[in-house]
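See below for the structure under consideration.
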Amino acid sequence: GIHNMSRKRLIPKLQLTRSIRNPKKLVVVITKQFGERNEIGDPVSQAKIFQDQSADELIFINIDGSSNDINTLSEVINQVSEEIFMPLTVGGGVTSESDFRILLANGADKISINTSAVEHPELITAMSNKFGAQCVVVSIDYRMDADGSAYVYTHCGKEKTELNPVWWAKEAQRLGAGELMVSCIDHDGQGNGIELEISKQIVASVDIPVILGAGCGLAMHFPEAFAATGAEAVCAGTFFARRDQNLIQTRSQIVNAGVDIRV
């Protein structure tokens, strides 16, 4: 669709979980295939680093499915938004209108829903009507079966559903989502590039912006994903968390590859 004409976006994704040392505190972690976690730092200082490197926006996801603690998450977002002047997409354990309201009141610009979108699709429509489609980001995590079929997973990659990710992407748009965040769990933290086949089908099937994530290990993986899929944005966690890589260098490599992003 026409939405592929706009400027491409590069988005650091900060995954949050309770600190092992201090369970009251959320820290930024990187993951492998949604499993193994490594703590890399404090959300506010990580966000500041990305702001200094001129990120377009930031994504914060609380991956502690169990803790569903919107208050802890909203405190972090509040602290971040005092220091940061980019759009913030926030998610993880969001299940209700009150969760939306609290996070938006504390500085989130967009809210990402995943499990609750699958379990209560009417939430997508209700929140889109209430706060505007641009606030509602449906996050779609999928894995490939041995025979190559793709299935949507919920609960941070733990629960398999019968949903096909391309069908679910179209349905999420129909229900009122303003944006999709698409991740292949098999590629998470592997550094071998983004999954391109299903991603490309999803982008071709919807008219709303698609953010692809999971798998960037080299700067070239970003232009590769943009070129192969037509996606509007690529997000990465592990890639930007590494000390030897920064957004400024990556951005110039993407521009050199002929992709139109903000320099």
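The values are calculated or read from the model by the stated rules, or taken from the named source; none is laboratory data. All values derive from a computational prediction rather than experimental measurement. Reconstructed Cβ throughout: ideal geometry from the backbone, glycine too, with neighbour counts over all protein chains shown. Just the protein is used for accessible areas: all its heavy atoms, side chains included, with ligands, DNA and RNA removed. Shrake-Rupley method; radii C 1.70, N 1.55, O 1.52, S 1.80 Å.
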Practice item. Any residue in segment 150-172 that's under 10 Å from Val118 (Cα atoms): show its pairings with residues that are open to solvent by 40 Å² or more (accessible area, probe 1.4 Å) and among the charged types (D, E, K, R) at Cβ separation under 9 Å, as long as the two are six or more apart or on different chains. Key: Val152/Arg143; Val152/Lys160; Val152/Glu162; Tyr153/Arg143; Tyr153/Glu159; Tyr153/Lys160; Thr154/Glu119; Thr154/Lys160
Review point. Which condition number does Asn192 fail, the rest of (1) at negative phi; (2) crowded, with 20+ Cβ neighbours inside 10 Å; (3) not hydrophobic (A, V, I, L, M, F, W, C) being met?
Key: (2)
Check your understanding: Among the residues of segment 42-62, is there at least one that is closer than 27 Å to Glu159 by Cα, small (Gly, Ala, Ser) and at pLDDT 90 or above?
Key -> no
Exercise for review: Take Glu83 and decide whether it is of a type in the set (Asp, Glu), over 15 Å from the mean Cα position of the chain (by Cα), at pLDDT 95 or above and open to solvent by 10 Å² or more (accessible area, probe 1.4 Å).
Suggested key: no
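For (1) in a strand (DSSP E or B); (2) within 18 Å of Phe34 (Cα to Cα); (3) over 18 Å from the mean Cα position of the chain (by Cα), each residue gets a yes or a no:
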residue: Ile208; (1), (2), (3): no, no, no
residue: Leu212; (1), (2), (3): yes, yes, no
residue: Gly215; (1), (2), (3): no, yes, no
residue: Phe222; (1), (2), (3): no, no, no
residue: Ala227; (1), (2), (3): no, no, yes
residue: Cys235; (1), (2), (3): yes, yes, no
residue: Phe239; (1), (2), (3): no, yes, no
Exercise for review: Would you check if there is a residue in segment 241-257 being more than 17 Å from Ser54 (Cα to Cα), of a type in the set (A, V, I, L, M) and in contact (Cβ under 8 Å) with a residue 24 or more places away in the chain?
Suggested key: yes
Review point. When Phe50 is evaluated against the numbered criteria (1) assigned to a helix (DSSP H, G or I); (2) more than 20 Å from Cys216 (Cβ to Cβ), which criterion, by number, is the only one it fails?
Key: (2)
Review point. Right, Val76: open to solvent by less than 20 Å² (accessible area, probe 1.4 Å), out of contact with any Ser or Thr (no Cβ under 8 Å at 6 or more places or on another chain) and in contact (Cβ under 8 Å) with a residue 60 or more places away in the chain or not?
Key: yes
Revision key, fill the gap. Checked pairs for segment 90-117, first touching a residue at least 12 places away in the same chain (Cβ under 8 Å) and within 14 Å of Ile59 (Cα to Cα), second assigned to a loop (DSSP other than H, G, I, E, B) and of a type in the set (Asp, Glu), C-beta under 9 Å and 6 or more apart or across chains, list as Val90/Asp109; Gly92/Asp64; Asp109/Glu57; Lys110/Glu57
Review point. Has segment 20-38 got any residue that is within 21 Å of Ala133 (Cα to Cα), touching a strand residue (DSSP E or B) at 6+ places or on another chain (Cβ under 8 Å) and hydrophobic (A, V, I, L, M, F, W, C)?
Key: no
